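Input: a single structure, listed below in structure tokens.
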Amino acid sequence: MSGRVVPLLLWSLVLTVASVQGQGSPQDAFIIQYLERRLVQMEERLNQCEQNTVSVTQKTYDLSSEIRGYLSTLTVVRSEVKSQMDSVSARVDRMERELEYLENKIPDQSDIEMEESLLEQQIKAAEQDLLKKKAKLKVVNDCSTALTQIKSLKIVKKADDSLGSWFKDPTEGSAKVYLLSGIRNNTLLEFPSLQTFTERTSASSMKVLQLPSHWQGTGHVVYNGFLYYHKADTPNQILKVDLVNGTVADSTLLPGAGRLPVYSLNPNTYLDLAVDELGLWVIHADPEYEGKLVITKLDKGSLAVEYTWDTQCRSRDAEGAFLICGTLYVVYNTRFGGRSTVQCLYDIHDTIHSDESPVMFFPKRYTSHSSIYYHPGDKELYAWDDGYQTIYKVETRRSDQLTAE
């Protein structure tokens, strides 16, 4: 209604102005000009009102849309909160039932004291069993031989690989020689004797054995017709392979081993197996024991751990090690190559000590060993020296005589 009244009012004012102009007096002309200015101002104000009305209408619409969106979100949140509250309520009910069940199952204080006493008895019994095993190993396998000197050097042969291992089966009556070239392969070469191994035409008598899986490093041994080696791509698995039929006779995972190389100068070997007068051993390094060497006695049949000793011999700057009568001898060198020396030993019988023993030097040959094996029957060390297969003669004495001196 007001929208129609305003134009009519303006039209009537225009007619009035026109009639006044027709009469034509100065005072009337002034009134007419005044009325025209007022009309222009009124038109501008009307236009501004229309613009404000449109803006307010748009803002009202936008606000209404935003409120509807908030209401929708609030509905979803309310539904989620209700669902979570139902879930929490269900969990509280279940916890109450479990607490009630546990309260009924909690034993009396007297029962707890009896169980603690039984646990202490079991711990003491386990400790006594370990001590008995250690004592049995010392008494039954009484061995009192100690290394006094590494004497002559003999170069037997040269292989293509600078790293590898070779050795004889230390079992009494066995003369076979075995060679594993490189740090990762599955081919074992077997020779009837040391003589055929050294001959140029040894290929005719050589036997090639394909192993069921690849080896890793250079720490392998053959003992009583079985090959013991570290299986490649595993941190601490040892395989026992029957060399007659090439099948896996047994395997074991050595606890705590395989987390860092045994010797810092031989970084590809994580488990180093050895044989001495007492039987089968594994040498490895323990990062939780400041990287020092650990020796573990294994049962050659079942590969069960008989006992483990922590030594004070460091793996840093070491290139190899071997055992003689339960005594570990660690060989050290420099990363640039040089004269190898035995600077640390550990005797499980506690009859000889490293700080009381002099440093023993290998015969002069300024390279580095990738493997060193002691043969208890031949009293020799079989070493792989920068691709050369070498033999060292060793001199031993009874450890009690060594101590007396």
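What are the residues in the stretch 174-208 that are hydroxyl-bearing (Ser, Thr, Tyr) and touching a Leu at 6+ places or on another chain (Cβ under 8 Å), if any? The answer is TYR178, SER181, THR187. The number of residues in the stretch 272-295 that are in a loop (DSSP other than H, G, I, E, B) and under 15 Å from ASP310 (Cα atoms) comes to 2. Annotation: of all residues in the stretch 296-315 being in a loop (DSSP other than H, G, I, E, B) and without any contact (Cβ under 8 Å) to a residue 60 or more places away in the chain, the one that is nearest to the chain's Cα centre (by Cα) is SER315. Looking at the stretch 345-381, which of its residues are in a loop (DSSP other than H, G, I, E, B), among the hydroxyl-bearing types (Ser, Thr, Tyr) and surrounded by 14 or more Cβ atoms within 10 Å (Cβ to Cβ)? If the condition is that a residue be in a loop (DSSP other than H, G, I, E, B), among the hydroxyl-bearing types (Ser, Thr, Tyr) and surrounded by 14 or more Cβ atoms within 10 Å (Cβ to Cβ), then THR351, SER357, SER368 are the ones that fit.
A single entry from THR187, THR218 fulfils the requirement of being at pLDDT 95 or above, crowded, with 22+ Cβ neighbours inside 10 Å and not small (Gly, Ala, Ser): THR218.
Tell me yes or no: at least one residue of the stretch 319-327 is more than 21 Å from SER165 (Cβ to Cβ), surrounded by fewer than 16 Cβ atoms within 10 Å (Cβ to Cβ) and modelled with pLDDT under 95. No, because not a single residue in the stretch 319-327 is more than 21 Å from SER165 (Cβ to Cβ), surrounded by fewer than 16 Cβ atoms within 10 Å (Cβ to Cβ) and modelled with pLDDT under 95.
Note on the stretch 225-247: residues that are more than 21 Å from TYR289 (Cβ to Cβ) and surrounded by fewer than 15 Cβ atoms within 10 Å (Cβ to Cβ) amount to 7.
The values are calculated or read from the model by the stated rules, or taken from the named source; none is laboratory data. Keep in mind it's a predicted model, so treat the numbers as computed, not measured. Positions of Cβ are backbone-derived with ideal geometry, glycine not excepted, and every protein chain shown enters the neighbour counts.
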